[in-house]
1. If the requirement is being without any contact (Cβ under 8 Å) to a residue 60 or more places away in the chain, in a helix (DSSP H, G or I) and among the hydroxyl-bearing types (Ser, Thr, Tyr), which of these qualifies: 389, 384?
2. Name the residue that is farthest from residue 201 (Cα to Cα), counting only residues in segment 396-453 that are aliphatic (A, V, I, L, M), in contact with a helix residue (DSSP H, G or I) (Cβ under 7 Å, 6 or more places away or on another chain) and without any contact (Cβ under 8 Å) to a residue 60 or more places away in the chain.
3. Looking at 123, 104, can you tell me which residue is in the same structural domain as residue 174 (by TED's automatic domain parsing), more than 20 Å from residue 15 (Cβ to Cβ), surrounded by fewer than 24 Cβ atoms within 10 Å (Cβ to Cβ) and touching a strand residue (DSSP E or B) at 6+ places or on another chain (Cβ under 9 Å)?
4. Please determine, by comparing only the residues of segment 141-179 that are farther than 21 Å from residue 100 by Cα and among the β-branched types (Val, Ile, Thr), which one is surrounded by the fewest Cβ atoms within 10 Å (Cβ to Cβ).
5. When the residues of segment 281-316 are filtered to those that are more than 26 Å from residue 372 (Cα to Cα) and polar (S, T, N, Q), which remaining residue is surrounded by the most Cβ atoms within 10 Å (Cβ to Cβ)?
6. (1) closer than 28 Å to residue 71 by Cβ; (2) in a loop (DSSP other than H, G, I, E, B); (3) under 24 Å from the mean Cα position of the chain (by Cα): which one isn't true of residue 147, the others all being true?
7. Exactly one condition in (1) crowded, with 24+ Cβ neighbours inside 10 Å; (2) of a type in the set (D, E, K, R); (3) assigned to a helix (DSSP H, G or I) is not met by residue 208; state its number.
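The values are calculated or read from the model by the stated rules, or taken from the named source; none is laboratory data. This structure is a prediction, so every number in the text was calculated from the model and none was measured. Ideal geometry is used to build each Cβ from the backbone, glycine not excepted, and the neighbour counts take in all protein chains shown.
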Amino acid sequence: MNFKSSYLQGVYDGLEARNAEQKEFLQAVGEVLESLEPVVAANPKLEELGVIERIVEPERIIQFRVSWVDDKGKVQVNRGYRVQFNSAIGPYKGGLRLHPSVNLSVIKFLGFEQIFKNSLTTLPIGGGKGGSDFDPKGKSDMEIMRFCQAFMTELSKHIGADTDVPAGDIGVGGREIGYMYGQYKRLRNEFTGVLTGKGLSYGGSLARTEATGYGVCYFTQEMLKSAKNTSFEGKTVAVSGAGNVAIYAIQKAYQLGAKPVTCSDSTGWIYDPEGIDVDLLKEVKEVKRARLSEYAAARPSAEYHEKKNGEHGVWQYKVDIALPCATQNELDENDAKMLIDNGVLAVSEGANMPSTPEAVAAFQKAGVLFGPAKAANAGGVATSALEMSQNSERLHWSFEEVDSKLKGIMEGIFHACDDAAKKYGMEGNYVAGANIAGFEKVADAMIAQGIAY
């Protein structure tokens, strides 16, 4: 990375020297620091007080062994993580990811992004992230339970309702949260809102399952309305992924008048020109936990394609809106150029950092509306924070109440990004706007709390 600011260049170079192998983390930091150049230039106090040096270094990193026994009686060992990145504006808040790709770089990148995402929600939550390289695919319910209990046995020493409140992420849904919460309660002998994404019978919130997918659509709708005076109505949508975020982004896109025509999983993708059948997709992915090939087998209008290197997958079709909802760096520059050539109007990130820097640059150069992950996919953590509020008050809000609050938060996030971008002469650059708006609140809190912090 090359920065105009010698201060930012020095911070990044030092970080790179200490974390040379952590490419995902360095990518995330580089993108944020690039956006902050005009902020640093206008606020010399940030350099004087070492705010940037402090915000890129986690407050605490916890790494631990997770030993569990599989159904054959064999001991298995995985590695667990919790990165408590920044608590300037509230307790650490961020998901737990269970996936073979999980390593310290991935968790640090996610935790760093979470700082700014959580700040944008306007709710009092700091940034953190955790997980393990455990792969839940192909495991029995009993194996999942034993792993989750072993994982929580160590993690429980480091979290709490006013300290660190984890949630779900890739590989961690209601089943896994239930097993982890049961173990936490057993170990600590307390019933508190220490995890979010819980079942409705023991403190969970309505609309939490739908929140990230719904949120990315609410953000996109407000972006379309404000920047182009248009909406989802009558638009065709490409969605990647077939997990929680993708399913409910597809559902909300339908509700807003659009037609989603794609989804994908780790083995391949679906193109359904008649529109994705949400009920069938839920049955295949949420009930059967099966591959998308089963969707195609049950849906005559659907085409199933095996995943192959070098193919554009869901991004090769002519669509108006693209919602990448699978995983990091899934949409590259070539994919972006194909979407641009096919006339895409807007792209919003439902996953964390799913577009490569080159893809983002291509969208921005072409004038495509681009909603970055830390803004567009903040609906999940926003609703997690609403779950924390309900737990603290011992209340249970209706679906409509939560959904209405979520919609208002996502619209507010768009305008915070828009306003920050305009303030620093970068109108329409919502990547910079999100980074700046999220950063300024956290930086103010860090400065107010003193250097030792």
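1. When all the criteria are applied, what remains is 389.
2. 421
3. 123
4. This residue is 163.
5. Filtering first and then ranking leaves 293.
6. Every condition holds for residue 147 apart from (2).
7. (3)
Conditions tested, residue by residue: (1) assigned to a helix (DSSP H, G or I); (2) within 24 Å of residue 404 (Cα to Cα); (3) among the polar types (S, T, N, Q).
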site	(1), (2), (3)
142	yes, no, no
154	yes, no, no
158	no, no, no
162	no, no, no
180	yes, no, no
195	no, yes, no
232	no, yes, no
